[in-house]
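> Provided herewith is a single structure, encoded as structure tokens, for subsequent inquiry.
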Amino acid sequence: MASDDLFFLRTGDETSTYVLVRLIGGEGALRADATLDGAAEGEGVEFETMRGDLPTVLRDANEFALLNGFDLRIDLSGNEWPAELGIIGNK
């Protein structure tokens with residue numbers, strides 16, 4: 001991920017399926033998981049929950065979302081967004 005990549009927080013008003021990346025842990029131990037979430041939860045698309053270090057999960061989740069026509073949303077879960085991974089657009 002590049003520092004100028006743009007990501008959006010989950011609003012709770014999403015009307016279609018999206019890939020949700022949740023930040024887990026805290027400073028120094030930040031990790032992530034990614035799930036398929038939203039209205040129809042994949043509409044028949046197979047998705048295996050991703051877990052691991054934030055940059056890897058974010059990269060893989062973003063790629064899956066792009067290849068399958070889904071939005072990607074971020075849930076900070078009370079954590080700070082690492083600026084080196086990109087920009088949060090609706091903070």
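> Assess whether LEU72 counts as being closer than 19 Å to ASP4 by Cβ, buried (at least 17 other Cβ atoms within 10 Å of the Cβ) and among the hydrophobic types (A, V, I, L, M, F, W, C). It would help to see each step written out before you state the result.
Values: closer than 19 Å to ASP4 by Cβ: yes; buried (at least 17 other Cβ atoms within 10 Å of the Cβ): yes; among the hydrophobic types (A, V, I, L, M, F, W, C): yes.
Yes, satisfied.
> Taking the condition of being closer than 19 Å to GLU27 by Cβ and among the β-branched types (Val, Ile, Thr), how many residues in the range 41-91 meet it?
The number of residues fulfilling the criteria is 4.
> Of all residues in the range 33-63, which are open to solvent by less than 40 Å² (accessible area, probe 1.4 Å) and either at pLDDT below 90 or closer than 14 Å to THR17 by Cβ (or both)?
ALA34, THR35, LEU36, ASP37, GLY38, GLY42, ALA61
> What strands (runs of 3 or more DSSP E) completely inside the range 16-85 contain at least 1 residues that are under 12 Å from the mean Cα position of the chain (by Cα) and among the polar types (S, T, N, Q)?
Values: elements: 18-24, 31-37, 50-53, 71-75.
In the range 16-85, 31-37 are the strands (runs of 3 or more DSSP E) which contain 1 or more residues that are under 12 Å from the mean Cα position of the chain (by Cα) and among the polar types (S, T, N, Q).
The values are calculated or read from the model by the stated rules, or taken from the named source; none is laboratory data. All figures in this text were calculated on a predicted structure; none of them were measured in a lab. When we count neighbours, we look across all protein chains shown, and the Cβ atoms used for this are built from the backbone with ideal geometry, even at glycine. The accessibility values were calculated without ligands, DNA or RNA, using every heavy atom of the protein model including side chains. Shrake-Rupley method; radii C 1.70, N 1.55, O 1.52, S 1.80 Å.
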